[in-house]
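First comes the structure, then the notes that go with it.
The values are calculated or read from the model by the stated rules, or taken from the named source; none is laboratory data. What you see is a predicted model; the values in this text were computed from it and never measured. Every residue, glycine among them, receives a Cβ derived from its backbone with ideal geometry; neighbour counts consider all protein chains shown.
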Amino acid sequence: MADSGTGRSRALLVHRAATVSVVLAAMCACASREPSPQALELSGATMGTSYRVTLPGAQRDAAAIGAAVRQALDRVDALMSTYRADSEVSRLNRHESSEPLSISAETHAVLAAAQEVSSATGGAFDITVGPLVDAWGFGPRETSAPPSAETVRGLMERTGWQKLILDARGPAVRKTVPQLRIDLSAIAKGYAVDLVAESLERMGYRRYLVEVGGEVRAAGTRADGSPWRIGVERPDSAGRSVHRILRLSDTAVATSGNYRNFREADGQRFGHVLDPRTGRPTANRVVSATVLDPSAMRADALATALLVLGETEGIALAERENLAALLLVEGADESLSEFKSPKFRAKMEDESP
Ligand code: FAD
């Protein structure tokens, strides 16, 4: 870890198995490993992670459904990836000016949703953390060492969600600090899930499961008429087991955790979710946050915000905003306790694994 005064820092151990497979592995653990004969199963790679779409009784439309899913995912990647120089977000990040820049309606919708969650969470969710994400080595480029406290202070001046001004006319966006850079990794996968789901709805499907990088949306029921069953994984960086099985119909679920994608230096471990208020990786006892919401995009962003807020502020937000949230909290003795918000309890009879 960098010595705050000198900025000296040591080599880093990097662990980058993202949390995205947490829910995927858990789903495999819960759902039958063999695809159901009465359902169409599509899967593949997207946005540095994987996707999976399951549709009971849709085998005959496989080609049309596959094309619609691919088109939606490729659209989000082309607009919102910070891993592609030609994406709209990369173009916005290179636009070092306070002049307005025209953007697509899709990107404007995601930025507007992000600003809403930033406002509701007191800035715990903040897409302008881009420069900090890169400095801590969780962006497209690896870094050899954590940033010094002085570097973090400097970068903090170039972040802050209120420095991004949206204009629905056009639509356009303006930066009050030209060097502002955005990172949509904590919301755009959820948006991709919603976009795929809307494509399937337009094609007349009302029963499906869509999963992109751990963000999930379940509509209707499985082929046998039972609810979809999604596992929330036990937060254990050394292994994979299911903590809770959630039975879902007609809702989305997102989980954010800091025990899969982390870095270590001088015996200290820090995860890929940053606290925009400090410029540093979260340092609280919440190791996994799960949110249920009709929108996978909102669930995605809120799960990240709850991880940043930690137990006390996270529980207060979940109750104030009436969120359906499950927080897994690690004790000093490495025991695991959970907090289920009233709305989560009302919506979810969960099953122990
Ligand atoms: P979450 O836990 O949901 O969010 C954490 C991520 O959000 C962090 O990694 C950081 O980027 C950002 N973040 C951290 N703190 C905050 C905060 N407080 N508020 C807001 N955001 C925060 N990865 C690749 O390796 N290769 C690719 O080609 C690639 N392409 C991508 C294209 C798109 C369109 C997107 C959205 C992501 C892409 N990624 C790619 C990144 C990858 O898919 C995941 O987004 C990343 O690994 C984090 O996933 P997660 O679910 O663990 O993140």
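The table below lists the values:
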{"read-out": "Unmet requirement for R94, which otherwise passes all of (1) basic (K, R); (2) under 19 Å from the mean Cα position of the chain (by Cα); (3) more than 30 Å from D224 (Cα to Cα)", "value": "(2)"}
{"read-out": "Pick from region 275-289, criterion in a strand (DSSP E or B) and either touching a Leu at 6+ places or on another chain (Cβ under 8 Å) or basic (K, R) (or both), ranking: surrounded by the fewest Cβ atoms within 10 Å (Cβ to Cβ)", "value": "R280"}
{"read-out": "Inter-residue pairs, beta-carbon under 6 Å, first over 20 Å from H243 (Cβ atoms) and in region 307-329, second surrounded by fewer than 19 Cβ atoms within 10 Å (Cβ to Cβ) and not aliphatic (A, V, I, L, M), 6+ apart", "value": "N322/K343"}
{"read-out": "Filter result for E264 (out of contact with any helix residue (DSSP H, G or I) (no Cβ under 8 Å at 6 or more places or on another chain) and free of Cβ contacts under 8 Å to residues at least 60 places away in the same chain)", "value": "no"}
{"read-out": "Helices (runs of 4 or more DSSP H) contained in region 1-113 and holding at least 3 residues modelled with pLDDT of 95 or more and within 16 Å of the ligand (Cβ to nearest atom)", "value": "62-80, 88-94"}
{"read-out": "Selection count where residues are part of a loop (DSSP other than H, G, I, E, B) and more than 22 Å from W161 (Cα to Cα), scope region 180-203", "value": "1"}
{"read-out": "The lone exception for G214 - which of (1) within 16 Å of the ligand (Cβ to nearest atom); (2) on the phi < 0 side of the Ramachandran plot it fails", "value": "(2)"}
{"read-out": "Output for region 45-82, where each listed residue is loosely packed, with under 14 Cβ neighbours inside 10 Å and not small (G, A, S)", "value": "Q59, R60, Q71, D74"}
{"read-out": "The listed residue being touching a Ser or Thr at 6+ places or on another chain (Cβ under 7 Å), buried (at least 24 other Cβ atoms within 10 Å of the Cβ), assigned to a loop (DSSP other than H, G, I, E, B) and among the aromatic types (F, W, Y), out of F138, F125", "value": "F125"}
{"read-out": "Residue in region 320-342 that is touching a strand residue (DSSP E or B) at 6+ places or on another chain (Cβ under 6 Å) and part of a helix (DSSP H, G or I) present", "value": "no"}
{"read-out": "The lone exception for D134 - which of (1) touching a Lys or Arg at 6+ places or on another chain (Cβ under 7 Å); (2) more than 30 Å from A45 (Cβ to Cβ); (3) acidic (D, E) it fails", "value": "(2)"}
{"read-out": "Residue match in region 161-178 (condition: assigned to a helix (DSSP H, G or I), buried (at least 17 other Cβ atoms within 10 Å of the Cβ) and within 11 Å of the ligand (Cβ to nearest atom))", "value": "yes"}
{"read-out": "Yes/no for S118 being at pLDDT 95 or above and exposed (fewer than 14 other Cβ atoms within 10 Å of the Cβ)", "value": "no"}
{"read-out": "Region 241-274 - residue that is part of a strand (DSSP E or B) and of a type in the set (S, T, Y) and, of those, farthest from A325 (Cα to Cα)", "value": "T251"}
{"read-out": "Residue in region 90-103 that is surrounded by 15 or more Cβ atoms within 10 Å (Cβ to Cβ), among the hydroxyl-bearing types (S, T, Y) and in contact with a Leu (Cβ under 7 Å, 6 or more places away or on another chain) present", "value": "no"}
{"read-out": "Residue within region 140-150 that is closer than 21 Å to T255 by Cα and not charged (D, E, K, R) present", "value": "no"}
{"read-out": "Some residue of region 295-318 being in contact with a Leu (Cβ under 6 Å, 6 or more places away or on another chain), more than 8 Å from the ligand (Cβ to nearest atom) and β-branched (V, I, T)", "value": "no"}
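Residues are listed down the side, and each one gets a yes or a no for (1) among the charged types (D, E, K, R); (2) assigned to a loop (DSSP other than H, G, I, E, B); (3) over 24 Å from V308 (Cα atoms); (4) within 16 Å of the ligand (Cβ to nearest atom):
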residue	(1), (2), (3), (4)
T143	no, yes, no, yes
V210	no, no, yes, yes
T221	no, yes, yes, no
D224	yes, yes, yes, no
